[in-house]
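None of the figures in this text is laboratory data; all of them are computed from the coordinates on show. Model, not experiment: these values are computed from the prediction. When we count neighbours, we look across all protein chains shown, and the Cβ atoms used for this are built from the backbone with ideal geometry, even at glycine.
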Amino acid sequence: MPYEWVTHPDTAPENSGAVCASPSDTPPPPMAELHAWPYRSLPRKGFVITIALLGTLLALPLLALLGTVLLWGMLPFLAATVAGVWWGLAHSYRSGTALEVLRIWPDHADLTRHDPRQPPRLWQANPYWTTVTLHETDGPVPAYLTLGGGPRRVELGAFLTPAERRVLRDELNAALAAARAKAPAPGHTFPGQPAAD
């Protein structure tokens, strides 16, 4: 699946028995951290092989035209074909560097979307009010996943398959439930968080 739990409530340092020493002026690490990214079906080695194979196959017909004026008429079109495929695959790789990072603490959650050549977009909410909704539709995007509870509803994992979004919904609900269970008592502040007046 093109997502992974970097930290999950079941394996978070406070649940594993590991000692987490952090300076008092830094906030605690998240209870859960999810990274999601688009599929990358063609690895870099496959990119090189594809371009080399395409160039070779397009050069074969040119062998019959060696020494003729027709070679120079065909060459620009074949070079443009290779350049177009190269550009298309390179553009696909750039768009494949998108990353969604969801971090959940007992007192807040944030979702940051990193898109190529754009500033990061941030969404924040309180886990107590955060809802995970799977919208089952027959439209162009079946079973899309949204998070609500902040200033607006945001989509998560748009590039996942419907089956993966269903699994992720259950995992997110479990992570949010664990965060709610560890929510601090009213009036409690975390290190680095200003006290409420």
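General observations
- Computed extension length for residue 4-residue 99: 33.1 nm, one decimal, from 0.36 nm per residue of separation with the Cα-Cα distance subtracted.
- By average C-beta atoms within 10 angstrom, highest first, the peptides 34-43, 81-90, 98-107: 98-107, 34-43, 81-90
- In this structure the amide hydrogen of residue 32, modeled in the peptide plane, comes within under 5 Å of the amide hydrogens of 104, none closer than 5 places in sequence on its chain.
- For the range 44-95: rounded, prolate or oblate by the Cα gyration tensor [a/c cutoff 1.5]: oblate
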